[in-house]
1. Scan around Asn53 for amide H atoms under 5 Å from its own, H built in the peptide plane at 1.01 Å from N, and keep only partners 5 or more places away or cross-chain.
2. Specify the inter-centroid distance of the range 11-53 and the range 64-140, based on alpha-carbon positions, in whole Å.
3. Would you look at the GNM of the chain, springs on alpha carbons closer than 10 Å, and say which of Asn122, Asn91, Asn27 moves the most?
4. What's the angle, to the nearest 10 degrees (0 to 90), between helix 71-87's Cα axis and the longest principal axis of the chain?
5. Return the single residue from Ile98, Ile106, Ile118 with maximal mean-square fluctuation; model: Gaussian network over the chain, springs between Cα atoms under 10 Å.
6. What residue among Trp52, Trp32, Trp68 shows peak mean-square fluctuation when the chain is described by a Gaussian network model with Cα springs under 10 Å?
7. Once you wrap a convex hull around the alpha carbon atoms of the range 10-133, what is its projected area averaged over all directions, in nm²?
8. Nearest 10 degrees is fine. How inclined is helix 37-49 to the longest principal axis of the chain, computing both from alpha carbons?
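Derivation of every value follows stated rules applied to the coordinates shown; laboratory data play no part. Model, not experiment: these values are computed from the prediction. Cβ sites come from the backbone with ideal geometry, for glycine too, and all protein chains shown count toward neighbours.
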Amino acid sequence: MSNEIQSGTVLVQQSALLHSLGTHGENYSDQWCSLGANESAQLDRKLRAAGWNFFFVADELRTIVPPWGGEKTLRAGVKRLLARTQAKQFNCMQLSNILRERFLGIPFVSVVAHARHIQQGNRMESFEQRTSKGNGSKPI
């Protein structure tokens, strides 16, 4: 798997749980690894088999970056979204769309993602519960 970021890529905080499930992504940043579409589907099945849930958060995370700079500026935009995901105490993020657009003739790249969260139990924990388990920088 290459570390190419595209729609459908899931970024997960690195943890012992991922390694125990046999899921190995590529390092994306200091605490996050990237999983392609196939790996993320396998992760969902493995989590359910182990009694964990992979929640989807409907609220969209959006950012825009300039189109010049290529992968480097796209990476900066994704890291911005990861910071927002971590601030909300979620441990995963799935990229939904990466689109080249123009506004008044000025080009830009729009990056859209959704937070995801891995935890045990059928109900997603509240922000306070997720915060009490760690400061968001701790793995799952």
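1. Gln119, Gln120, Gly121
2. Rounded to whole Å, the Cα centres lie 16 Å apart.
3. Highest fluctuation among the options: Asn122.
4. It works out to around 40 degrees.
5. Fluctuation is largest for Ile106.
6. Top of the fluctuation ranking is Trp68.
7. 8.2
8. 20
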